[in-house]
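Derivation of every value follows stated rules applied to the coordinates shown; laboratory data play no part. Predicted, not measured: the structure shown is a model, and the values here were computed from it.
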């Protein structure tokens, strides 16, 4: 297992080998079944003030509502996960929520600076939302990027809070504490700033509800430490996609089997699979992760409803469950 405090180092030769094999095999293969979203429940999202709820926008973009706060993770609404508008990984599915359908966002939470998680057009658009810009809670090392790229609204730069690992901020009006926690991954934006900024996950702690958002991660001791320090969690959103081939991806992305172990490690009563079905970043078909997840859950003898996938645009109402959790 790797150490989360040390960013993954990938040899250029391995990258070229993977790209050559990917091209030769014409990977990824197309989905076996169509991936279809659902129409979001806009009325509920705008009226909900009390019930914990999670809405999947696509890939790692998601809306968490808890304690009256609207928290938006890793917003990417652009058509490519790339610095270029018409080049790079193209979006297979439209966003489950369009920017105009979002409720007023209180805080944008960024896990790390890869292009499929940090999108310039999206974070700039959110700064101009009606009623004022949200807070931006970002990893240490990305604050200068945000200061350069966010627009000033009525001459004022939106509030940017850069966190070190194990640091936290409080949304006082809603009684929510946001903890930024290390996992095993890496950062890179330009090719010259590899691991110059942090990468991580978020624990969202409210007096009546606890939630963990994994971001991207390879399997390590980090989830177990997070569970011991901040768990148990009522629910978690855990990445399940972008994992093939394992010889190349295993350090940076868990596969569904490992994602189930992550759920158990962080002591989450329930989990929702994210980071799949939107951008074709790796070799597995876009619809493969849910099938592999269902098989992994069954092999563990867990109830299928304990770790689920939802559709783009779907909202899962996260009623508070008992804190008891299955042991690994």
Helix-derived [θ] at 222 nm for the chain: sum -39500 (n - 2.57) over DSSP H runs of at least 4, divide by residue count, nearest 500?
-> -6000 deg cm²/dmol
Would you give the gap between the C-alpha center of the range 248-304 and the C-alpha center of the range 58-112, rounded to a whole Å?
-> 20 Å
With a ≥ b ≥ c the root eigenvalues of the C-alpha gyration tensor of the range 9-131, is it rounded (a/c under 1.5), prolate (a/b larger than b/c) or oblate?
-> prolate
Looking only at 229, 24, 128, which one moves most when the chain is put into a Gaussian network model with springs between Cα atoms under 10 Å?
-> 24
So how much slack lies between residue 16 and residue 85, counting 0.36 nm per residue of separation and subtracting their Cα-Cα distance, in nm?
-> 22.4 nm
For the chain, rounded, prolate or oblate, judged on the Cα gyration tensor with a ≥ b ≥ c (square roots of eigenvalues), a/c < 1.5 rounded, else prolate if a/b > b/c?
-> rounded
Identify which of 135, 250, 154 has the largest mean-square fluctuation in a Gaussian network model of the chain, with springs joining Cα atoms closer than 10 Å.
-> 154
Counting only DSSP beta bridges with both residues in the chain, what percent are antiparallel, rounded to the nearest 5?
-> 60 percent
Out of 301, 58, 277, a Gaussian network model of the chain with alpha-carbon springs under 10 Å gives the largest mean-square fluctuation to 301
